[in-house]
Amino acid sequence: MNKFEPKIVLFLCNWCSYAGADLAGTSRLQYAPNVRVVRLMCSGRVEPYFIIEALQSGADGVLVLGCHPGECHYLEGNYRAAARMVLLKKMLGQFGIEDDRVRLDWVSASEGVRFASIVNQMTEAVRALGPFQGQETQEVIYG
Amino acid sequence: MGKLKVALYWASSCGGCDIATLAIGEKILDVAAAADIVFWPVAMDFKYEDVERMADQSIDACLFNGAIRSTEDEHVAKMLRSKSKIMIAYGSCAYEGCIPGLVNLFSMDSVIDRVYKDSPSIDNQKKVLPQAKVTVAEGELELPKLYGTVRALNQVIDVDYFVPGCPPEPKTTWLALEELVSGALPEKGSVISHSGKALCEECPLPKEGKKVKKFYRPHQIIPDPKKCLLDQGLLCYGVATRGGCGAMCPQAGMPCTGCYGPVEGVVDQGLHFLTALGSLIDSTDTEEIARIVDEIADPAGTFYRYSLPVSLLRRAKTV
C-alpha cells in the first residue's frame, strides 16, 4: 500500500510558465498531482539555494520552468537560470545526487500540453529514483 | 582586574592558525601583559590532565582552531567548553570546517586507501593500516577514532564568537584580542572581522562589471594587475566572501578563494557564489553557456573550499 509518491517543488515564472500551467488547468488537462507550485517573477530569481533548501526540507525533486530562450520578460533572466543549472548539476554530481532530481525547462504561455507533459515526465523520473535522502544518516567511524 | 586566563588549542588543522596568533608581531607582548596562557599544546608543555583538573569556567577565553575530525578533537572541544567562559572558533577550520572539511566529499574507505595504500609517496607494501589499539612492550597504546564527516566547532559545542580566515589576518586577530581584553565584546554568535560586507567593497581593483566568455584558472593567464580579476575571467570569490582581510590576494594577482566565509546574513557561501557566477556569462546561447560554465573543473571544491561542513548539503552521499 505504501507506494512512493514523490514530492516535487515546481518553480514557475510569472510571465510564461505560470501562464502555461494556468492554461493546462483551464484546458482541463490531466497531469500528475505531485508538484507544489511556487510562483516567482522570473526563473532567474531561482537561486540554487532555493533548490537545495527544497531538497533538504523534504522535496524529492525540483523542477524549474521559465520562458523559452529569447522570450524572457526581463531579457536574460532565463539565461542566468540556465548557467546556474549547469553548474549546480555538475556540483550535485560530486555530491552523489542524481541528475534527474533537478530539471530546468522552458514552457511558454501557450504550451499547456507541454507543461502537463513535462510535469508527468519529471514525476515519473523522480518516482524511479525514489525518495531523496541527503547526507548519510549513519556516521562512519574508523578505528 | 587580574590577568585574563587564555587557552589555545588546535584540533584538525594545519598549524597555520597557531602561527597566525603570533603574526600580530610585537603586540604579542601586550597580550602577555594582559593575559596568562594556561594551555597551548603547540607552543608549551601542557597535558590534557592539567586542563581536566581546572575548575569549570576558570579559563576566561579559549581560542580554538581546527575542525572536529576525531574523537580526540571532540573530547578536547567539550572539555575546553566547560572550562572556558568564552569560546572562540578561531580560523576557518573551527568556524566552517575549511580544507579538512573537503573530506566530506569522500567515503572513509577511499580516504584510508588513498592515504595508506595508493598515494604515490607511500611505501607500504604490507598494507599496514592504523589500528585503534596496539600492544607494545610498555603496554597498550590507543589512537583516537576518526569520523567520516568533519564538523565545524559549533556543530559540536556552543561557540560564542567566530574569527574568520585561513588563517586570520593579524589585524583580525588583533581586533578579537582587543575586544576580549577590553571586555567590549559584540553580540554572542558574532563573526569578528572589520567588515560584514563582500570583499569587493574593500578591494581597490577597479571593477567594470564585465561579462565573461571564458573562465580561467590562475595558472592559465597572467592577469592585468590593475583590473578586477573576476572581470578577467578568474574565479575570484570576493563577491561572496566577507571582507576585513584587506584584499591582499587579488592585489597580488591571485583570486580570492573565500576564506573569510560568507557575507553577513548568507547561509550557504558556495551556493551564493554559484548564483553570482550565473549572472556573469556573456552569451545568449544555452549550449554556449553550458560550455563556458562546464570548464569550471571542480565546482564543489571551488565553491566549498572552506565551508563544506556548514553548507546545506554538508557531505556527499558516498554509500
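The values are calculated or read from the model by the stated rules, or taken from the named source; none is laboratory data. Keep in mind that this is a model prediction, so the values were computed, not measured. Because the Cβ atoms are built from the backbone with ideal geometry, glycine has one as well, and the counts that use them run over all protein chains shown.
The single residue among A:65, A:104 that is within 12 Å of chain B (Cβ to nearest Cβ), part of a strand (DSSP E or B) and over 30 Å from residue B:146 (Cβ atoms) turns out to be A:104.
Could you check how many residues of region B:1-47 are surrounded by 15 or more Cβ atoms within 10 Å (Cβ to Cβ), within 24 Å of residue B:152 (Cβ to Cβ) and not hydrophobic (A, V, I, L, M, F, W, C)? So the count comes out to 7. Please determine whether any residue of region B:298-314 is under 19 Å from the mean Cα position of the chain (by Cα), free of Cβ contacts under 8 Å to residues at least 12 places away in the same chain, within 21 Å of residue A:50 (Cα to Cα) and in the same structural domain as residue B:213 (by TED's automatic domain parsing). Among the residues of region B:298-314, at least one is under 19 Å from the mean Cα position of the chain (by Cα), free of Cβ contacts under 8 Å to residues at least 12 places away in the same chain, within 21 Å of residue A:50 (Cα to Cα) and in the same structural domain as residue B:213 (by TED's automatic domain parsing), which makes the answer yes. Consider region A:121-133 and keep the residues that are surrounded by 15 or more Cβ atoms within 10 Å (Cβ to Cβ) and touching a Phe, Trp or Tyr at 6+ places or on another chain (Cβ under 9 Å). The one that is nearest to the other protein chains (Cβ to nearest Cβ) is A:126.
Yes or no, residue by residue, for (1) away from chain A (no Cβ under 14 Å); (2) assigned to a strand (DSSP E or B); (3) at pLDDT 95 or above:
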site: B:75; (1), (2), (3): no, no, yes
site: B:81; (1), (2), (3): yes, no, yes
site: B:87; (1), (2), (3): yes, yes, yes
site: B:93; (1), (2), (3): yes, no, yes
site: B:101; (1), (2), (3): no, no, yes
site: B:109; (1), (2), (3): no, no, no
site: B:114; (1), (2), (3): no, no, no
site: B:120; (1), (2), (3): yes, no, no
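Only one of the listed residues (B:250, B:218, B:223) is touching a Pro at 6+ places or on another chain (Cβ under 8 Å) and away from chain A (no Cβ under 14 Å). That residue is B:218. Looking across region B:1-15, the residues that are in contact (Cβ under 8 Å) with a residue 40 or more places away in the chain and in contact with a helix residue (DSSP H, G or I) (Cβ under 9 Å, 6 or more places away or on another chain) come down to B:4, B:6, B:7, B:8, B:9, B:10, B:11, B:12, B:13, B:14.
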